[in-house]
Amino acid sequence: MSVLNARKENVTQGTIKETIKKLVVLQGIDAELYEYKKALKEKPAECEVLKAAYERKKSRLAQLEAKAQELELGRKAKELELKSKEQNIITANAQMMTLKTNKEYQAKLFEIENIKADKSILEDEILKFMESSDKLVQEIAQEKTFLAEEEKKYLDEKAKVDVIIADLQDKASAIEARRREALTDIDKKILAVYDRVIENRGETALVPVVGGNSCGGCFMHVPPQVINKIKMYEEIVRCEMCARFLYLQEDLG
């Protein structure tokens, strides 16, 4: 077992027990503060989950709008092609007036019929684009209505979480104020050791001896001579195995 000697640490014999009591109170405050800080880390993550779910729903609308844009561009391209075919028909008809042989005339008629056939196909394709666009416009309108409802749900849930976070921050601030008050008159060197043990051992730096002869932290055996050292309160005794501070619950009242 290792010890923090009372004289070495500038702590008088009469204050060792009081120091232990103050550290036990401090540890209770730290345990409470730990839970609030843990919640303050978790709650913003909840907001991120809500936001991610909402963003996934928004992506559906973005996909529909992108598809609508694609259809619009496709329709316009076909319309330009249709205008070109119509112009070709006008040009071909004008050319017929200058033809001198029946063979040339028949060839030009055949050319015009082919252009008209292409024109008919383009008109059908444009109609299909328009029908698809009309259907998509309805889908987009429905998706926007759905998304507006989802946005309201998301913002409502986020607002609730924000209220909880604000409340946690207020309570954590109040606990931190209590902690600062609890630090009064505790030797700084002992506090430094306490903080290191907390950092290495989680939330517990001080533990009572349990079952009469076991460390309440690691449950290793505490020899009788060490129990006697604790009872004398001339020094702060630490467990050799886990380095936690040891005390006797019954001595603290």
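Scan the stretch 78-98 for residues that are among the aliphatic types (A, V, I, L, M) and surrounded by 13 or more Cβ atoms within 10 Å (Cβ to Cβ) and report the count.
The total comes to 4.
When the residues of the stretch 185-204 are filtered to those that are in contact (Cβ under 8 Å) with a residue 24 or more places away in the chain and under 19 Å from E18 (Cβ atoms), the one that is surrounded by the fewest Cβ atoms within 10 Å (Cβ to Cβ) is D185. One residue stands out in the stretch 85-112 among those that are of a type outside the set (D, E, K, R) and not in a helix (DSSP H, G or I): the one that is farthest from L136 (Cα to Cα), namely T101. For L82, the conditions (1) assigned to a helix (DSSP H, G or I); (2) modelled with pLDDT under 95; (3) among the aliphatic types (A, V, I, L, M) all hold with the exception of (2).
Scanning the stretch 186-215 for residues that are under 17 Å from V25 (Cα atoms), of a type outside the set (S, T, N, Q) and in a loop (DSSP other than H, G, I, E, B) gives I186, D187, G202, E203, A205.
The number of residues in the stretch 49-77 that are within 18 Å of the chain's Cα centre (by Cα) and in contact (Cβ under 8 Å) with a residue 60 or more places away in the chain comes to 6.
Could we say that I126 is in a helix (DSSP H, G or I), surrounded by 13 or more Cβ atoms within 10 Å (Cβ to Cβ), within 51 Å of the chain's Cα centre (by Cα) and hydrophobic (A, V, I, L, M, F, W, C) here?
yes
The C-beta contact set for the stretch 36-48 (first residue in contact (Cβ under 8 Å) with a residue 40 or more places away in the chain, second residue assigned to a helix (DSSP H, G or I) and among the small types (G, A, S), distance under 9 angstrom, 6+ apart or interchain) comprises Y36/A172; K37/A172; A39/A172; L40/A172.
Residue pairs whose Cβ atoms lie under 9 Å apart, separated by 6 or more positions or on different chains, with the first residue in the stretch 219-242 and more than 15 Å from L206 (Cβ to Cβ) and the second part of a helix (DSSP H, G or I) and not aromatic (F, W, Y), are K231/D251; M232/Q13; M232/I16; E234/Q13; E234/I16; E240/V226.
Return the total of residues in the stretch 165-184 being in contact (Cβ under 8 Å) with a residue 24 or more places away in the chain, part of a helix (DSSP H, G or I) and either under 19 Å from V24 (Cβ atoms) or not β-branched (V, I, T) (or both). So the count comes out to 9. Among all positions in the stretch 153-162, there is no residue which is under 19 Å from I29 (Cα atoms) and surrounded by fewer than 16 Cβ atoms within 10 Å (Cβ to Cβ).
The values are calculated or read from the model by the stated rules, or taken from the named source; none is laboratory data. Keep in mind it's a predicted model, so treat the numbers as computed, not measured. Virtual Cβ from ideal backbone geometry, glycine too; neighbours counted across all protein chains shown.
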